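Have a look at the structure below before the remarks.
Nothing in this text is a laboratory measurement; each read-out follows from the coordinates by a stated rule. Computed from a prediction, not measured in an experiment: that's the story for all the values here. Neighbour counts are summed over all protein chains in view; Cβ atoms, including those assigned to glycine, are modelled from backbone coordinates with ideal geometry.
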Amino acid sequence: MYQIVVQGWTKEAAIDELMNGVYGYHSIYGNIVKFIGNVNVDEIKKQLSYHGPR
């Protein structure tokens, strides 16, 4: 998600890195590809830009 939200990667590129990259993918995280596919990146960026009351 960091790569997508902060670094500007596409969901497809991040999923490819997850599944085929050097860090390895473990089946314990079986739903992560579906999560990434369904996540609203614009909403996350919007929430992260909120600075709130100080």
Q. Which value, to two decimals, describes the C-alpha radius of gyration of the chain once divided by 2.2 N^0.38 Å?
A. 1.32
Q: Let me know the charge dipole size of segment 2-48 about its Cα centre in debye, to the nearest 20, where only the beta-carbon of Lys, Arg (+1) and Asp, Glu (-1) is charged.
A: 120 debye
**Q.** Amide H within-cut-off set for Trp9, under 5 Å, with H built and near neighbours excluded
**A.** Ile4
(Q) If each DSSP helix of 4+ residues adds -39,500 (n - 2.57) and the sum is divided by the residues in the chain, what number results at 222 nm, nearest 500 deg cm²/dmol? (A) -13500 deg cm²/dmol
**Q.** Whole-Hz ³J(HN,Hα) from phi, Karplus 6.51 cos²θ - 1.76 cosθ + 1.60, for segment 10-22, glycine and proline x
**A.** 6, 4, 4, 5, 5, 5, 4, 4, 4, 7, 10, x, 6
Q) For the charge dipole of the chain, defined by +1 on Lys and Arg C-beta atoms and -1 on Asp and Glu C-beta atoms about the Cα centroid, which residue among Trp9, His26, Val41 has the Cα displaced farthest towards the positive pole? A) Val41
